[in-house]
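The values are calculated or read from the model by the stated rules, or taken from the named source; none is laboratory data. Small disclaimer: the values here were computed from a predicted structure and weren't measured. In this analysis, Cβ positions are derived from the backbone assuming ideal geometry, glycine residues included, and neighbour counts consider all displayed protein chains. Only protein heavy atoms, including side chains, enter the accessible area calculation; ligands, DNA and RNA are left aside. Shrake-Rupley method; radii C 1.70, N 1.55, O 1.52, S 1.80 Å.
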Amino acid sequence: MIGRLGPTEIILILVVVFLLFGAKKLPDMARSLGKSARILKSEAKAMKEEGNTSTPPASGEQPPAQRTIQAAPGDVNSARPVNEPTDTTQR
C-alpha cells in the first residue's frame, strides 16, 4: 500500500501546504506559475516556428519586423523586445 494516496492523505497534504504558505501567498504563487507556463509555451512556439523558417529572405523582401514577447495577454509592463541575432562576420 506504500505509494498510493487516498483522499485523506491528499487533504492532509493540502492542509499542510495551506498552513506553510498561508492564504495570501497561494494565489500569488499560482498566478506566477501560470505566467511562467505561458512564457515557456510562447518561447517554445517561437523557437519551433523559427526552426521551420530558417531559409534566408529573397533579395526583394524586407527583413521581418522586431518581435515582442508578452508575459500575459494585456500585460504591457513586462513586454520586451526580442533581439534577433545578426551575422556580423566579414568574409
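Considered as a group, the residues in the range 1-37 that are part of a helix (DSSP H, G or I) and of a type in the set (Val, Ile, Thr) include one that is modelled with the lowest pLDDT, and that residue is Val17. Taking residues in the range 5-33 that are of a type in the set (Phe, Trp, Tyr), and partners anywhere that are open to solvent by less than 100 Å² (accessible area, probe 1.4 Å), not one pair has Cβ atoms closer than 6 Å while being at least 6 places apart or on different chains.
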